Each structure stands twice: as C-alpha cells, then as structure tokens.
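The structure appears below as structure tokens.
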Amino acid sequence: EITSLLSLYGGQFSTEQEIRVNSPFWILTLPSEEMARGLMKRTVCAKSVFELWGHGRSAGELYASLRNYPVAKMLPYLQSDSTYKVHIHTFNKTLTQAQKIQKIDALEFLPFKGKVNLKNPQHVFWILEDYGMDPNNVPEDPFHLYFGRWIADGQRELIESYSVKRRHFIGNTSMDACLSFIMANHGRVKPNDVVYDPFVGTGGLLISSAHFGAYVCGTDIDYNTIHGLGKASRKNQKWRGPDENIRANLRQYGLEKHYLDALVSDSSRPIWRKGMLFDVILTDPPYGIREATRRTGSQKETVKTAERSTENHIFVSSNYHLSDIFFDLLKFAAEYLVMGGRLVYWLPVYRPEYTEEMVPRHPCLKLISNCEQMLSSHTSRRLITMEKVKEFKDQDHSSHLPDSQWAPYRGHNSFREKYFSGVTKRIAKEEKDHQK
C-alpha cells in the first residue's frame, strides 16, 4: 500500500528502506514532510508517521543517536514560546506510569525550552519501544527504540466509520471496509478517475473509491442484487427494503455525486464500446462458495425467475469456471484500462500447492504486487495488483501463464483442473468447519 501511494504522490521506493521482519516499525526515507502528510491522508495500514530524530538497540544507543542529530533541525520545535508533550508507546508490553516518567526524564539533555502542555501541545514527541511480536515471550528490554516528532496519523478511523455492520445495503460477500480502502490505494485511485467493478455486488469497492474522489460504476449478472430485490442478507430481516441499493449506500456516506451507474451484465461478454474507458478496475470475483460463478448462454440450465421482481425477469445461466473468470478479467483490463491504469483483484489459492507461476498473466499487464491474506492454515487469497504497460492489440487477446507452464494445458481442461479445481471446495470446507 505504501509503495503504491508513494508512486501516486511522485515519490520513489528505495531499496535502502529499512524493513525489519516481525516488527511493526518501519524506517522510510521521504523527500518532504508534505509527502508524508499526503501518504497519511490515504493509508489505512500505517497508524502514524514521525520525523525520526534517533534510534538504537538500547537506551544508550538511542541517546547517542539523539546527540548526533543536528541541533539546527531540532530548534524550530523547541523554542521557548512553544508548547510540547512527550508520549511513550510500547509495542507488546505495558509500562507503569513511574517507568514512563523515568524514561521521559532521561531525555533532559535535549534542548527543550518550551512549556509542557498535555492537553493541546503545538509539538508532540514520541518514544517508541519494540518488544517483539510474541506476547508469550516478552523480553525485559526492548529490541529497538525510536524517538521522533509526530507528523500525522493514518486513516484508521475509516475502517470504523465505513463499517459494513452499519451499511444500509449489504450482501453475503460485501467487502470489509479496511480491505476495500487497501484495494483503492493499491489501485492508486485519485480524484476524477473512473473506477469500474465488473463483479460489483453491493458496491463495497465503489464506496472506498468514491471516498477518494473517483467516479464509480459497476456491473453484475445478478439482477436482484443490482436492483436491491429478493431476500436480505442482514440478520432478522427477510426481504430487502425498497431503498436498498448501491446508490443508497453512496448516499449514506455523502458520495452519491460520484455514482455513475450499476448495470446488469455478464462479465464474460463485455458490453462496452471499444477503447480505453477506465482508470482503475477493482474487483472481488465470485469463487463459487457463498456467491455462485455464473454466466449467460447455456441451453441446459433451468430457467430461474427472480422473486419479488417488479418485472417478470428471466435469465438462463451456466457455470463459469474460475480459471475463465480470471483470464476474461485480465483480457478485459488489458483492453479497457488506460495506459498506466491498474487492475486490483483477489485470487483464491490452496496454500500447499500454490506457486507464483499460478498467477494469471497478460502481455499488456505488469504484475506490481502479490499480497497474501490468510484464511486458514491451508487456504488464502492473494491480492493481485497489475498495471497496464502496453497498448492492447488483437494479438494480445488472450491472457497466459509463462510458456513453460501454459504449453502442457493449452486447449483443454487439465489447466483448469491443475490450478483451480478444488480450490473453492477446500475453502468452502474450511469455512464450514470454521462455522461449526
């Protein structure tokens, strides 16, 4: 997420950035405080950002590092006419008030000239102590200590304010608010972008994109979901109300002006005119567990009639294999994304058999990131971010795996069986076991 936001604001991710394994703290080099504030206006992963004045593996190292920090950089925040506060945060350990005061008093060598103001200080300084990630094995002394000036907090409050629990219109698979904002940041959604979700469902991904100023639209094959009809997903509610729809969700958050439309459409048969239409495509395709994978056009399927529909709406559907869903999605993104536009989607995997070669590829799309969300010890889903780097041409009409992986399976279903068959069954089984 941070890497994507850095590129959005014109920054560059350096290989020298210090990322410590099994630590919640990260030393990041940024060109300006303005960029740091810009990042924190978007991120839901990072809690706060500080201007680092010193750090070390012990208190002695920390104090030595602080003494070496240029005084000229400190003085603007330590003037006699200013107010300040020193806050202590310990990760994985709780300190007594007496211990906190002792640690603050040990910083008396710093040239503080202002007055202490605990309620409304002009400048806030933090001591951060890292006691590791194992709550059952907390060390006596911290592994690492940091001291710095607080600059800004992230957008963690968005997770609560956009919580699905209080959303007007929800479905069985409405996207968690935190993940929705992470996906929008991976896609580098910005004001006036046009964001599209081909499996829009109840529009959770549209909400996060609209929050960041984009215009949003989507399609879904489910007539009832798009029109807000049929059985409700909320507990103790049998049928959906007359105003339960995607537009009502955006209206709930004051984002209705960013809503373009939601259409009933089969994602395997694009309805759009030719040409680059979308800046970002964010989506969570159905895996066939709690939401069926369907497409139109079968002669064998039974005809289903939508309950409580204002029209006698009839559709005929057939199975839509998981591998076809992802390959059609990549083909669509390659053709309809603007150059430099991003595709962000979830890919379910069975962990014991997963390798990176299983991630679908397309010659027009470059893989930017591949992040894992654990579902259980054996199943997970990968958040795949891809960027369009090449103009779409007719010869680029099919997505592919690397030749060494794709060749043995070209033209028949053993590819599908090897890579995706059984993934949904395993996830469904573990989800059922978890519910028990």
Can you tell me which of (1) surrounded by fewer than 18 Cβ atoms within 10 Å (Cβ to Cβ); (2) part of a loop (DSSP other than H, G, I, E, B); (3) at pLDDT below 95 is the one Gly288 doesn't meet? (1)
Restricting attention to segment 148-185, and to residues there that are part of a loop (DSSP other than H, G, I, E, B) and of a type in the set (D, E, K, R), which single residue is farthest from Leu343 (Cα to Cα)? Arg167
Cross-chain or 6+ apart pairs with Cβ under 7 Å, segment 109-126 first and in the same structural domain as Asn68 (by the TED database), then open to solvent by less than 100 Å² (accessible area, probe 1.4 Å) and among the basic types (Lys, Arg): Val116/Lys85; Asn117/Lys85; Leu118/Lys85; Pro121/Lys85; His123/Arg149; Val124/Lys85; Phe125/Arg149
Residue satisfying condition, being part of a helix (DSSP H, G or I), loosely packed, with under 15 Cβ neighbours inside 10 Å and at pLDDT 85 or above, within set Lys274, Lys257, Lys331: Lys257
Restricting attention to segment 223-253, and to residues there that are more than 14 Å from Lys165 (Cβ to Cβ) and basic (Lys, Arg), which single residue is most open to solvent (accessible area, probe 1.4 Å)? Lys238
Which residues, taken from segment 216-243, are out of contact with any Ser or Thr (no Cβ under 9 Å at 6 or more places or on another chain) and charged (D, E, K, R)? Asp222, Lys231, Arg234, Lys235, Lys238, Asp243
Working only within segment 349-398, note down all residues that are touching a residue at least 12 places away in the same chain (Cβ under 8 Å), open to solvent by 60 Å² or more (accessible area, probe 1.4 Å) and farther than 18 Å from Leu330 by Cα. Arg351, Pro352, Leu375, Ser377, His378
Could you check Ser209 against (1) open to solvent by less than 20 Å² (accessible area, probe 1.4 Å); (2) polar (S, T, N, Q); (3) more than 20 Å from Arg42 (Cβ to Cβ) and say which number it fails? (3)
Scope segment 142-176; condition closer than 20 Å to Leu39 by Cβ and either in contact with a Gly (Cβ under 6 Å, 6 or more places away or on another chain) or not hydrophobic (A, V, I, L, M, F, W, C) (or both); matching residues: Tyr146, Gly148, Arg149, Asp153, Gly154, Gln155, Arg156, Glu157, Ser161, Tyr162
Of Tyr336, Tyr419, the only residue that is at pLDDT 95 or above, aromatic (Phe, Trp, Tyr) and open to solvent by less than 20 Å² (accessible area, probe 1.4 Å) is Tyr336
Go through segment 1-97 and tell me which helices (runs of 4 or more DSSP H), entirely inside it, have 1 or more residues that are surrounded by fewer than 13 Cβ atoms within 10 Å (Cβ to Cβ). 33-40, 59-68, 71-74
What number of residues within segment 336-375 are closer than 25 Å to Ser209 by Cα and part of a helix (DSSP H, G or I)? 1
Only one of Ala64, Ala59, Ala46 is free of Cβ contacts under 8 Å to residues at least 40 places away in the same chain and of a type in the set (A, V, I, L, M), namely Ala64
Per the filter on segment 170-192, residues in contact (Cβ under 8 Å) with a residue 60 or more places away in the chain and touching a Lys or Arg at 6+ places or on another chain (Cβ under 8 Å) are Ile170, Asn172, Thr173, Asn185, His186, Gly187, Arg188
Pairs with Cβ under 7 Å, 6+ apart, first in segment 91-103 and within 22 Å of Ser23 (Cα to Cα), second open to solvent by 80 Å² or more (accessible area, probe 1.4 Å): Asn92/Met133; Asn92/Pro135
Quick one: which of Leu158, Leu145 is in contact with a helix residue (DSSP H, G or I) (Cβ under 9 Å, 6 or more places away or on another chain), within 30 Å of Ile281 (Cβ to Cβ), touching a residue at least 24 places away in the same chain (Cβ under 8 Å) and open to solvent by less than 20 Å² (accessible area, probe 1.4 Å)? Leu158
What are the residues in segment 143-158 that are touching an Asp or Glu at 6+ places or on another chain (Cβ under 7 Å), of a type outside the set (Lys, Arg) and under 16 Å from Glu51 (Cα atoms), if any? Leu145, Gly148, Ile151
Which of the residues belonging to segment 203-223 are of a type outside the set (Gly, Ala, Ser) and either at pLDDT 95 or above or over 20 Å from Pro270 (Cα atoms) (or both)? Leu205, Leu206, Ile207, His211, Phe212, Tyr215, Val216, Cys217, Thr219
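The values are calculated or read from the model by the stated rules, or taken from the named source; none is laboratory data. The structure presented is a predicted model; accordingly, all values stated were derived computationally and were not measured. Ideal geometry is used to build each Cβ from the backbone, glycine not excepted, and the neighbour counts take in all protein chains shown. Ligands, DNA and RNA are excluded from the accessible area calculation, which covers all protein heavy atoms including side chains. Shrake-Rupley method; radii C 1.70, N 1.55, O 1.52, S 1.80 Å.
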